[in-house]
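The values are calculated or read from the model by the stated rules, or taken from the named source; none is laboratory data. Worth saying up front: this structure is predicted, and the values here are computed from it rather than measured. FYI the Cβ positions are ideal-geometry reconstructions off the backbone, even for glycines, and counts take in every protein chain you see. These area figures cover heavy atoms from the full protein model, side chains too; ligands, DNA and RNA do not enter into them. Shrake-Rupley method; radii C 1.70, N 1.55, O 1.52, S 1.80 Å.
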Amino acid sequence: MKKIIMGLCLLSATALVCASAHAMDEVRVPVKVRAEFRHEYKHVSNVSWMYKDGRYDVNFRKDEKTDMMARYDGTGHRIDTRETIAQSAMPVKAVGHLEEKYGRNYTHAYTMIHRPWKRDLYMVKVKDGAKNFPVYVDKNGHEHDYASR
């Protein structure tokens with residue numbers, strides 16, 4: 001049940017972030033981008049593509065349970081892959097830092113972000129009044145800007 005709820009949270013967050021993005025048919029995605037996606041993720045289902053700011057986002061389901069999103073640039077280079085994970089899969093130091101610094105002011109929907117050639121990060125949304133903003137932490141519980149190595 002937790003995985004279903006977390007999957008729905010990821011899809012909802014992705015839908016909100018991509019609200020201004022343009023949904024597109026797979027045939028309109030550049031061949032290099034499609035080929036790289038199909039090479040990296042062979043057996044996936046529920047594939048849907050969006051285009052925004054020169055990037056191609058693809059939402060898909062891996063192993064019939066895991067909802068994921070991968071982001072590519074126009075040349076087929078994967079920028080990152082995002083996967084909703086359970087709190088039990090989070091590094092203990094990362095959860096400890098979030099609890100200590102933000103208490104109950106953050107969502108407990110965790111997203112692991114795998115970035116090729118950079119440090120993997122974990123993302124949560126923190127509530128600041130009426131606004132939510134993402135917080136990125138590494139496995140040791142240190143906060144980082146998304147663009148950092």
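For region 81-110, which trypsin sites (Lys or Arg not before Pro) are both in a DSSP coil and crowded by at most 16 other Cβ atoms within 10 Å?
104
Could you derive backbone 3J(HN,Hα) for region 30-38 from the dihedral phi with the Karplus parameters 6.51, -1.76 and 1.60 (θ = phi - 60°), listing whole Hz in sequence and x where the residue is Gly or Pro?
For region 30-38, the Karplus-derived couplings read x, 4, 4, 5, 4, 4, 5, 4, 5 Hz, x marking Gly and Pro.
Out of the total accessible area of region 47-101 (probe 1.4 Å, heavy atoms of protein only), what percent is carbon and sulfur?
47 percent
What lysines could a cross-link reach from residue 42, if we take a straight Cα to Cα line under 21 Å and drop same-chain neighbours fewer than 8 places away?
32, 62, 65
What accessible area per residue comes out for region 27-149, rounded to a whole number of Å², with a 1.4 Å probe?
Here the residues of region 27-149 average 58 Å² of exposed surface.
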